[in-house]
Amino acid sequence: MSAQRVALVTGGGSGIGRSISLRLARDGAAVAVLDVNGRGAEETLAALSGAGGRGVAVECDVGDSTAVGAAIERVRAALGPVQIAVNVAGIGAFAPLLEISDADWQRMLAVHLSGTFHCCRAALPDMLAAGWGRIVNTGSVAGLNGGGPGLSHYAAAKGGIIAFTKALAHELGPAGITANCIAPGLIDTPMIAAAFVSPELRARAIEGAPVRRIGTPDDIAAACAFLVSDEASFVTGQVLSPNGGRYM
């Protein structure tokens with residue numbers, strides 16, 4: 001990867017976003033780490049800088065379009081135009097449908113679906129100007145199979161991201177920009193822990209996976225590294241689901 005390319009990674013302060021940020025920095029990109037948790041973003045920046053990478057940390061709520069616009073301007077000022085946009089920022093929660101409030105529903109959509117839209121729209125002018133770009137959005141197996149009881153709001157948001165990504169692939173392909181979606185299975189992240197995934201559920205997930213383990217953030221970072229590479233120029237509109245074989 002050219003050292004001149006700038007990658008934007010949302011949700012880069014922990015979990016999958018942190019692993020992706022570190023991997024893209026190792027591959028030669030300058031990385032803008034966006035996260036609503038400013039301290040987490042700074043910690044990721046310190047890790048990639050300590051390994052010889054170049055980047056910037058920006059505190060940002062991707063559900064706020066004005067905040068995203070301001071964040072992209074900070075990224076451009078610090079690193080230059082954005083050619084790679086990786087949208088990872090997300091929240092997780094289990095709730096039966098009758099217990100999901102309007103605010104719960106709107107916040108889930110705002111962070112996942114609207115946040116992805118805001119960041120893609122904000123970064124797109126740089127990609128169009130370059131005649132080259134890579135968009136990688138984060139869906140979920142839940143967006144493919146519904147996830148299970150208590151995940152209707154989460155599954156709806158992730159399913160929307162998958163459809164949005166496919167629409168982007170149609171629209172942006174002629175401009176030299178690819179758009180793909182990674183739909184992880186169960187990954188060992190702080191968000192999963194905070195969503196109260198029980199040891200019993202983890203055990204069932206491992207038993208039900210042909211590879212007999214749950215995923216790691218590095219598994220997703222490896223998939224992302226390919227999708228943003230020059231070698232992936234003929235791959236667009238696709239959903240890559242690293243899930244250990246639990247969903248085929």
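Answer yes if at least one residue in the stretch 173-192 is within 20 Å of THR116 (Cβ to Cβ), modelled with pLDDT of 95 or more and surrounded by fewer than 20 Cβ atoms within 10 Å (Cβ to Cβ), and no otherwise.
Yes, because at least one residue in the stretch 173-192 is within 20 Å of THR116 (Cβ to Cβ), modelled with pLDDT of 95 or more and surrounded by fewer than 20 Cβ atoms within 10 Å (Cβ to Cβ).
Being over 28 Å from PRO125 (Cα atoms), assigned to a helix (DSSP H, G or I) and within 17 Å of the chain's Cα centre (by Cα), is that true of even one residue in the stretch 197-215?
No, every residue in the stretch 197-215 fails to be over 28 Å from PRO125 (Cα atoms), assigned to a helix (DSSP H, G or I) and within 17 Å of the chain's Cα centre (by Cα).
Using the structure shown, decide if LEU186 is under 21 Å from the mean Cα position of the chain (by Cα) and within 22 Å of LEU24 (Cβ to Cβ).
no
Being under 20 Å from the mean Cα position of the chain (by Cα) and among the hydroxyl-bearing types (Ser, Thr, Tyr) is the filter here, so list the residues in the stretch 30-81 that pass it.
Scanning the stretch 30-81 gives THR44, SER65, THR66.
The values are calculated or read from the model by the stated rules, or taken from the named source; none is laboratory data. Note that this is a predicted model, so its numbers are computed, not measured. In this analysis, Cβ positions are derived from the backbone assuming ideal geometry, glycine residues included, and neighbour counts consider all displayed protein chains.
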